[in-house]
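What follows is a single structure, written as structure tokens, with notes after it.
The values are calculated or read from the model by the stated rules, or taken from the named source; none is laboratory data. Everything quoted here is computed from the prediction, not taken from an experiment. Please note: Cβ atoms are built from the backbone with ideal geometry, for glycine as well, and neighbour counts cover all protein chains shown. Side chains included, ligands, DNA and RNA excluded: accessible areas come from the protein's heavy atoms. Shrake-Rupley method; radii C 1.70, N 1.55, O 1.52, S 1.80 Å.
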Amino acid sequence: MQYRQLGRTDVRVSEICLGTMTYGEQTGEADAFAQMDHALAHGVNFFDTAELYSIPPRAETYGSTERIIGKWLSARGNRDKVILATKVVGRSTAHWYRNGEMARLDRKNIFYAVENSLKRLQTDYIDLYQLHWPDRPMDLFEGLSNEYHDRGGPDGVTFEETLAAMDELVKQGKIRHFGVSNETPWGVSQFLRAADASVGPRLVTIQNAYHLLNRQFEIGLAEFACREQTGLLAYSPLGQGFLTGKYLNGAKPEGARFTLFPRGQRYQKPGVDDAIADYLALAREFGLHPVHLALAFVTSRPFVTANIIGATTLDQLKLILDAPTTLPADLEKRIDAIHQIRGNPAP
């Protein structure tokens with residue numbers, strides 16, 4: 001396992017980050033414990049979660065993943081061995097996040113969220129605290145508008161108020177570093193501007209979707225990642241499992257995530273199956289498992305700090321951790337040739 005710098009800090013994180021969003025839904029507590037044990041034993045020191053997990057988000061499982069991780073940390077007594085990242089939800093009217101009130105990224109909501117995450121995680125500090133999505137009206141998640149985009153709803157909480165809250169939490173020792181997720185180049189620039197004005201801490205990471213079917217991070221955000229040391233924490237490196245080929249041509253294997261929770265409509269767009277078929281054929285030609293092709297592509301990008309992998313079962317995790325972290329130059333050229341034709345069919 002190789003380790004990379006977290007932004008401009010002195011923290012070094014494994015290039016593979018353990019994503020945990022299935023814990024408490026598809027993955028039970030015992031299996032989650034086994035995954036975390038295995039990952040840590042194989043050099044993965046970076047775990048990522050969120051207050052809203054398990055996925056799909058619903059009142060009954062809200063906070064379940066953090067609670068499972070907290071139990072594991074308490075049982076193993078190894079908090080100092082893990083770089084722990086979690087997230088506060090952005091603007092939402094989902095009633096269970098804030099006891100019936102609207103969730104926002106203002107001081108009140110952030111402090112409420114961080115205190116509850118600390119309790120569930122059974123820790124007194126969070127290494128990386130991230131904004132799960134922006135507060136301001138904007139297009140989110142496969143082009144779907146957030147609920148106030150066209151309804152004249154409240155303006156977004158200012159970058160300054162959000163960042164000042166993070167500054168308080170850093171000074172109190174409750175969080176060490178600050179990051180964003182599902183963010184745009186403009187949003188990143190505004191947080192950097194506010195940090196340069198001494199409003200609060202400098203963001204260290206950007207957690208956005210990035211994979212062979214969606215390389216949009218390369219357009220705009222990758223330059224920030226490299227020049228400003230705000231590296232990508234890439235989520236969905238397997239395109240929610242679609243890059244394995246198991247859903248090709250409308251297949252719905254029993255027990256699979258999309259079969260149980262059909263929330264991956266971005267992968268049912270025209271051109272997606274054609275792109276997947278091309279990458280599967282390329283993996284076969286080079287003697288690679290399609291999982292390994294997809295993961296190695298993400299991990300080897302120069303703007304990636306860590307590749308967030310997720311597994312429902314321990315066997316899946318073992319396969320993932322066997323993936324190479326680099327690709328030969330001729331294979332990279334072939335990937336880019338497919339991308340030139342297929343583009344980003346599943347943003």
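If you filter segment 209-295 for GluC sites (Glu not before Pro), then keep DSSP loop positions with at most 16 other Cβ within 10 Å, what is left? Loop-located and lightly packed - GLU254. Segment 1-35 and segment 82-142 have Cα centres separated by 19 Å.
What FRET efficiency do you get for ASP139 and GLU254 if R0 is 51 Å and r is their Cβ-Cβ distance, rounded to the nearest 0.05?
Working: r = 34 Å, r/R0 = 0.67.
With R0 = 51 Å, the Cβ-Cβ based efficiency is 0.90.
Among the protein heavy atoms of segment 241-321, carbon and sulfur supply 52% of the accessible surface, probe 1.4 Å, non-protein parts ignored. Share of carbon and sulfur in the accessible area of segment 1-87 stands at 48%, probe radius 1.4 Å. Accessible area per residue for segment 53-146, computed on protein heavy atoms with a 1.4 Å probe, is 39 Å². Accessible area per residue for segment 147-236 is 41 Å², calculated with a 1.4 Å probe on protein heavy atoms, without ligands, DNA or RNA.
Among the trypsin sites (Lys or Arg not before Pro) within segment 74-117, not one is in coil by DSSP while having at most 15 neighbouring Cβ atoms inside 10 Å. Counting only protein heavy atoms and a probe of 1.4 Å, the accessible surface of segment 101-144 is 52% carbon and sulfur. According to the square roots a ≥ b ≥ c of the eigenvalues of the Cα gyration tensor, what is the shape class of segment 150-229, taking rounded for a/c under 1.5, prolate for a/b larger than b/c otherwise, and oblate for the remainder? It is oblate, given that a/c is not under 1.5 and a/b is not larger than b/c. When both bridge partners sit in the chain, DSSP labels roughly 20% of those beta bridges antiparallel.
FRET efficiency for the ARG58 to ASP336 pair, using the beta carbon distance and R₀ = 35 Å, is estimated at 0.30.
For segment 211-347, a/c is less than 1.5, where a ≥ b ≥ c are the root eigenvalues of the C-alpha gyration tensor. That puts it in the rounded class.
For segment 20-101, applying the loop criterion from DSSP together with a ceiling of 14 other beta carbons within 10 Å to the GluC sites (Glu not before Pro) yields GLU101.
Normalising the average separation of contacting C-alpha pairs (under 8 angstrom, six or more residues apart) by the number of residues puts the relative contact order of segment 1-134 at 22 percent.
Using the Cα atoms of the chain to build a convex hull, what is its mean projected area in square nanometres? If you can, show how the numbers build up before the last one.
On the way: hull surface 66.3 nm².
Computed as one quarter of the Cα hull surface, the answer is 16.6 nm².
Largest GNM mean-square fluctuation among GLY231, GLY200, GLY179, using the chain with Cα springs under 10 Å: GLY200.
Once every DSSP H run of n ≥ 4 in the chain is given -39500 (n - 2.57) and the sum is divided by its residues, what mean residue ellipticity at 222 nm do you get, rounded to the nearest 500 deg cm²/dmol?
Working: 11 runs with 123 residues, N = 347.
Result for the chain, helices only: -11000 deg cm²/dmol.
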